[in-house]
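All remarks here apply to the structure that follows.
The values are calculated or read from the model by the stated rules, or taken from the named source; none is laboratory data. Values in this document were obtained by computation on a predicted structure and should not be read as measured data. Virtual Cβ from ideal backbone geometry, glycine too; neighbours counted across all protein chains shown. Please note that ligands, DNA and RNA were not included when accessible areas were found on the heavy atoms of the full protein model with its side chains. Shrake-Rupley method; radii C 1.70, N 1.55, O 1.52, S 1.80 Å.
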Amino acid sequence: MGANRLANETSPYLLQHAGNPVHWQPWDETALALARDTARPILLSIGYTACHWCHVMEHESFEDEATAAFMNEHFVCIKVDREERPDLDKVYQIAHQILSQRPGGWPLTIVMDPVHHVPFFAGTYFPDRPRHGMPSFRDVLKRVAEFYRNNRDDRLTGHVSAMKDAMARLQISEPGDADPALLDQASRELESACDTVNGGFGAAPKFPHPTNISLCLRLWHRTAKQGRPRTALRDIAEHALEAMSTRGLFDHIGGGFYRYSVDARWEIPHFEKMLYDNAQLLPLYADAWLATGSERFREVALQTGRWVMAEMQSPEGGYYSTLDADTEGEEGRFYLWTRDELTSLLDEHEWAVVESRFGLQGGGNFEGKWHLNIHNDLTIVAEHGGVELETVESLLDSARAKLYEARNRRVRPLRDEKILTSWNGLMIRGMAHAGMQLAEPAFTESAQRAVEFIHRTLWRDGRLWATTRDGATRLNAYLDDYVFLIDALLTLNQCDWNTGRMHWAIELADFVLEHFEDPSTGGMFFTSNDHETLLHRDKPGTDDALPAGNGIAARVLLRLGHLVADARYLRAAERVLEVMSGMMGRYPSAHGALMEALCEHLEPPETIVIRGRPGAMAEWRSRCAGYHPDRLVFAIPEQTPGPLPGIIDSMTNRGDTTAYLCRGTACSEPITDPSTFNLRVSGP
């Protein structure tokens with residue numbers, strides 16, 4: 001097939017490659033049949049819109065006529081957007097790790113046999129000519145094509161069998177009990193792995209790891225309730241969040257977080273902005289404000305949520321996916337400043353504050369320009385400038401407004417406007433939780449609009465779809481789509497009860513049990529039982545950029561099971577933890593989502609149901625506020641039409657306001673006395 005077939009795709013990433021001389025195909029039966037019929041190996045290239053090195057490889061190799069001609073002659077070339085097809089990405093990232101014995105990344109380059117789709121070569125980025133110890137992409141392709149030509153009838157047959165066996169062994173886990181000792185082991189690992197100098201975890205390139213930070217706060221809170229507070233864990237979380245929000249990972253002009261830092265000090269980021277990073281960091285900063293009292297964390301959460309609404313929410317309500325790192329072919333160009341630009345835009349008083357606040361002395365920190373990092377506290381800026389703190393705050397606000405307006409006149413980074421159900425589930429949960437913690441109704445309303453969009457657009461005939469763009473909704477949804485959305489619905493219903501939303505959460509949970517649960521050993525597969533058959537069917541347990549689907553599944557099924565008293569959900573969650581226990585035991589801190597589920601399995605969260613008039617309920621609801629990761633609060637107006645799901649239907653108002661306090665499957669007698677309620681909900 002001598003044509004590039006990407007022109008009708010919905011992914012902006014695939015559309016970027018629709019004009020390449022490479023005869024790219026989407027992953028579909030037409031392309032797979034072409035490979036079988038012509039006995040040509042498949043060259044699979046996986047990336048995403050905001051990926052800097054994906055752009056580089058496109059410009060160097062995929063736009064080169066000679067390289068494209070070789071690819072077209074010897075391979076069937078398939079392009080995949082990893083955000084639309086995380087099922088394929090998970091399979092072939094695992095294959096890359098087996099073949100190369102090191103982690104993968106993007107762009108991912110895989111060459112596989114045309115029948116079984118088993119890789120025999122795997123790599124990531126390759127340059128157009130040899131450099132930095134890497135061969136050129138065309139040289140790699142020549143060697144791979146020659147290997148296939150000489151070995152496809154004998155060596156590859158044995159390789160196919162060996163590769164399938166290796167991937168199957170990855171799924172084998174020794175089930176066991178959900179041991180509370182795992183939480184202590186995770187605590188020790190987190191304390192050992194943290195960067196005590198710069199904050200966070202690991203070295204350059206440095207990622208936020210929100211699941212680790214969330215787990216630190218959760219384990220600190222758990223030990224505090226037990227009277228043995230592990231304060232080092234709270235300190236680790238506070239240090240990481242402070243460093244990320246004051247240095248270069250955070251956008252100090254427009255709000256929101258970049259993908260990661262290229263250095264260990266959080267100074268210079270990779271400038272792409274991903275919805276899923278911000279969806280996890282937003283509620284984490286709101287929680288950290290309540291856990292530590294840091295006003296900086298509250299302000300960062302507010303700025304992040306406002307950035308989401310301003311730049312990442314569609315007019316119809318759904319949240320877009322990413323902002324590109326590059327503008328006009330340069331990474332970070334949209335976000336960087338020269339000294340001349342700053343001094344021309346700001347008056348002398350504003351410039352003095354900005355220069356001191358962001359440490360703008362010298363020749364710039366990124367290719368001769370400035371990427372803003374906070375270097376001095378506002379009190380220090382005030383002391384150095386000999387002015388009042390209030391004056392510094394006012395000057396900084398006016399300077400930021402001027403810079404924001406000037407920046408918005410620049411050519412903006414490309415925005416990937418496809419709307420993914422899973423990432424929207426994360427952000428709906430994040431906006432709803434932050435709205436509740438910060439008492440910010442605009443965030444809650446934003447989350448409600450997004451839920452309505454998902455229900456209207458991506459829920460059809462009793463099942464979810466994974467992605468939509470410009471009216472085209474497609475692709476069978478994955479485990480993450482379902483469980484992230486259930487989590488979002490449970491969180492949003494704590495902000496504003498909606499019976500239909502709760503029934504939808506139950507419908508989604510029932511679908512998960514029917515189509516994703518492993519009936520033999522327990523746990524959840526990433527793909528449904530009626531999904532396209534792939535080389536490997538993964539059960540995700542380890543967190544990566546997203547929390548592991550099995551961890552979120554276990555947590556939401558535990559919460560839902562206790563809320564509506566349905567033992568099916570509780571048993572399914574227990575089976576997740578049992579089948580994942582061996583994996584968790586080998587490296588507990590890499591399984592943050594599962595660890596948080598384990599906390600709730602060992603000590604179920606306190607579920608508070610309040611019934612009554614809206615005004616009176618709001619007052620009772622406010623008494624439950626604070627950082628309480630083991631508390632769910634649902635305020636249900638007494639006139640709410642029924643039936644309500646499960647045992648909630650029997651929790652009626654018996655006075656002006658009535659509260660029911662439940663822990664696991666045991667509930668208190670109805671409480672109608674405000675003083676008794678105050679006493680019962682007080683705590684750390």
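A few points about this structure:
- Inside segment 107-142, residues that are closer than 17 Å to Trp27 by Cβ, buried (at least 16 other Cβ atoms within 10 Å of the Cβ) and out of contact with any Ser or Thr (no Cβ under 7 Å at 6 or more places or on another chain) make up a count of 8.
- Any chance Leu479 is within 18 Å of the chain's Cα centre (by Cα) and closer than 30 Å to Glu299 by Cα: no
- Among (1) more than 27 Å from the chain's Cα centre (by Cα); (2) open to solvent by less than 50 Å² (accessible area, probe 1.4 Å); (3) not basic (Lys, Arg), the one test that Asn212 misses: (1)
- Answer residue from segment 206-262, given it is of a type in the set (Ser, Thr, Tyr) and part of a helix (DSSP H, G or I) and is farthest from Asp377 (Cα to Cα) among those: Thr223
- Selection status of Ala291, closer than 19 Å to His221 by Cα and open to solvent by less than 20 Å² (accessible area, probe 1.4 Å): yes
- Qualifying residue in segment 216-238 (condition: touching a strand residue (DSSP E or B) at 6+ places or on another chain (Cβ under 8 Å) and either surrounded by 20 or more Cβ atoms within 10 Å (Cβ to Cβ) or without any contact (Cβ under 8 Å) to a residue 24 or more places away in the chain (or both)): yes
- When Ser261 is tested against the conditions (1) surrounded by fewer than 24 Cβ atoms within 10 Å (Cβ to Cβ); (2) closer than 30 Å to His59 by Cβ; (3) not charged (D, E, K, R), the lone failure is (1).
- Any hit, segment 304-316, residues being of a type in the set (A, V, I, L, M, F, W, C), open to solvent by 20 Å² or more (accessible area, probe 1.4 Å) and under 25 Å from the mean Cα position of the chain (by Cα): yes
- Condition check for Glu58: open to solvent by 30 Å² or more (accessible area, probe 1.4 Å) and acidic (Asp, Glu): no
- Qualifying residue in segment 70-88 (condition: touching a helix residue (DSSP H, G or I) at 6+ places or on another chain (Cβ under 8 Å), open to solvent by 10 Å² or more (accessible area, probe 1.4 Å), under 27 Å from Ala477 (Cα atoms) and among the β-branched types (Val, Ile, Thr)): no
Per-residue answers, yes or no, for (1) within 21 Å of the chain's Cα centre (by Cα); (2) farther than 24 Å from Glu9 by Cβ; (3) open to solvent by 10 Å² or more (accessible area, probe 1.4 Å):
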{"position": "Arg456", "(1), (2), (3)": "no, no, yes"}
{"position": "Thr491", "(1), (2), (3)": "yes, yes, no"}
{"position": "Cys495", "(1), (2), (3)": "no, yes, yes"}
{"position": "His503", "(1), (2), (3)": "no, yes, yes"}
{"position": "Ile506", "(1), (2), (3)": "no, yes, yes"}
{"position": "Glu517", "(1), (2), (3)": "no, yes, yes"}
{"position": "Met524", "(1), (2), (3)": "yes, yes, no"}
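- Among all positions in segment 542-552, there is at least one residue which is in contact with a His (Cβ under 7 Å, 6 or more places away or on another chain), open to solvent by 10 Å² or more (accessible area, probe 1.4 Å) and under 24 Å from Leu492 (Cβ atoms).
- Entry remark, segment 343-359: residues being touching a residue at least 40 places away in the same chain (Cβ under 8 Å) and open to solvent by 60 Å² or more (accessible area, probe 1.4 Å) number 1 in total.
- Residue check, Arg474 of a type in the set (D, E, K, R) and part of a strand (DSSP E or B): yes
- Within segment 428-486, the set of residues being among the small types (Gly, Ala, Ser) and touching a residue at least 24 places away in the same chain (Cβ under 8 Å) comprises Gly430, Ala432, Ala434, Gly435, Ala442, Ser446, Ala447, Ala450, Gly462, Ala466, Ala472, Ala477.
- When the helices (runs of 4 or more DSSP H) confined to segment 587-684 are screened for residues that are farther than 22 Å from Val556 by Cβ and of a type in the set (Gly, Ala, Ser), those reaching at least 1 such residues are found at 614-622, 674-681.
- Helices (runs of 4 or more DSSP H) (entirely within segment 375-463) containing at least 2 residues that are acidic (Asp, Glu): 389-407, 441-457
- Of the residues making up segment 264-288, those that are open to solvent by 20 Å² or more (accessible area, probe 1.4 Å) and either within 18 Å of Met431 (Cβ to Cβ) or within 18 Å of the chain's Cα centre (by Cα) (or both) are Gln280, Asp287.
- For Gln101, the criteria (1) open to solvent by 10 Å² or more (accessible area, probe 1.4 Å); (2) under 25 Å from the mean Cα position of the chain (by Cα) hold in every case but one, which is (2).
- In segment 317-369, residue farthest from Glu83 (Cα to Cα) [restricted to those that are assigned to a loop (DSSP other than H, G, I, E, B) and charged (D, E, K, R)]: Asp347
For every residue, the table says whether it meets (1) of a type outside the set (D, E, K, R); (2) over 22 Å from Trp504 (Cβ atoms).
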{"site": "Arg407", "(1), (2)": "no, yes"}
{"site": "Lys418", "(1), (2)": "no, yes"}
{"site": "Thr421", "(1), (2)": "yes, no"}
{"site": "Leu426", "(1), (2)": "yes, no"}
{"site": "His433", "(1), (2)": "yes, no"}
{"site": "Gln437", "(1), (2)": "yes, yes"}
{"site": "Ala442", "(1), (2)": "yes, yes"}
{"site": "Ser446", "(1), (2)": "yes, no"}
{"site": "His455", "(1), (2)": "yes, no"}
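- Some residue of segment 131-140 being under 37 Å from the mean Cα position of the chain (by Cα), at pLDDT 95 or above and of a type in the set (D, E, K, R): yes
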